[in-house]
Amino acid sequence: MKESSYFKKLENLTFTDDYMFGEVLKDPELCAGLIERLLKIKVDHIEYPELQKSIKPTYESHGVRFDVYVKDSDKVYDIEMQNKDYSEILLRSRYYQSMIDVDNLLKGRVYKDLPESFVIFICKNDPFNLGLSALL
């Protein structure tokens, strides 16, 4: 019988399980290392990663819950583990990007004050069937 990710024993968790993903990436060094490898950039420093950060601008709006939300001196990163359901990943990434902007532009500020931001989906499978290697 296949073990549900909600009921896995700790020793059976992998990086793609929500709990383990958060535990690994809450370490600033590991989080910076992952971002640097994925984006091929140098991260200045990581302010404490925020796990499961929620943004819901208004009562009636559709909110978001970022898996791992990270800032360095002038950039913001949202890192998401995506295990399945890629059907709306492009629209979802666009919406997440807009929520990062909403969270980072205070009233009275100008648009050039928006930090550079990245939404990173780490996918367990190839979402666009481009023959890319899957995350094991």
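Some values worked out for this structure:
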| read-out | value |
| --- | --- |
| Among the residues listed as Glu50, Glu11, Glu88, Glu29, the single one being surrounded by 11 or more Cβ atoms within 10 Å (Cβ to Cβ) and either among the hydrophobic types (A, V, I, L, M, F, W, C) or without any contact (Cβ under 8 Å) to a residue 24 or more places away in the chain (or both) | Glu50 |
| Members of the stretch 14-26 that are open to solvent by less than 60 Å² (accessible area, probe 1.4 Å) and either farther than 14 Å from Val68 by Cβ or part of a loop (DSSP other than H, G, I, E, B) (or both) | Thr16, Asp17 |
| Residue in the stretch 101-133 that is modelled with the lowest pLDDT, counting only those that are touching a helix residue (DSSP H, G or I) at 6+ places or on another chain (Cβ under 7 Å) and not aromatic (Phe, Trp, Tyr) | Pro127 |
| Residues satisfying the stated conditions in the stretch 61-98, i.e. in a strand (DSSP E or B) and of a type in the set (Lys, Arg) | Arg65, Lys71, Lys75 |
| Selected residue [free of Cβ contacts under 8 Å to residues at least 24 places away in the same chain and under 15 Å from the mean Cα position of the chain (by Cα)] from Met20, Met81 | Met20 |
| Flag for Thr58 being farther than 20 Å from Ile122 by Cα, of a type in the set (Ser, Thr, Tyr), assigned to a loop (DSSP other than H, G, I, E, B) and free of Cβ contacts under 8 Å to residues at least 40 places away in the same chain | yes |
| Residue list for the stretch 34-47, filter: more than 20 Å from Met99 (Cα to Cα), loosely packed, with under 14 Cβ neighbours inside 10 Å and either in contact with a strand residue (DSSP E or B) (Cβ under 8 Å, 6 or more places away or on another chain) or of a type outside the set (A, V, I, L, M) (or both) | Glu36, Arg37, Leu38, Leu39, Lys40, Lys42, Asp44, His45 |
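The values are calculated or read from the model by the stated rules, or taken from the named source; none is laboratory data. Note that the structure is predicted; figures quoted are calculated from it, not measured. Glycine also receives a Cβ, built like all others from the backbone with ideal geometry; neighbour counts cover every protein chain displayed. Calculation scope for accessible area: heavy atoms of the full protein, side chains included, ligands and nucleic acids excluded. Shrake-Rupley method; radii C 1.70, N 1.55, O 1.52, S 1.80 Å.
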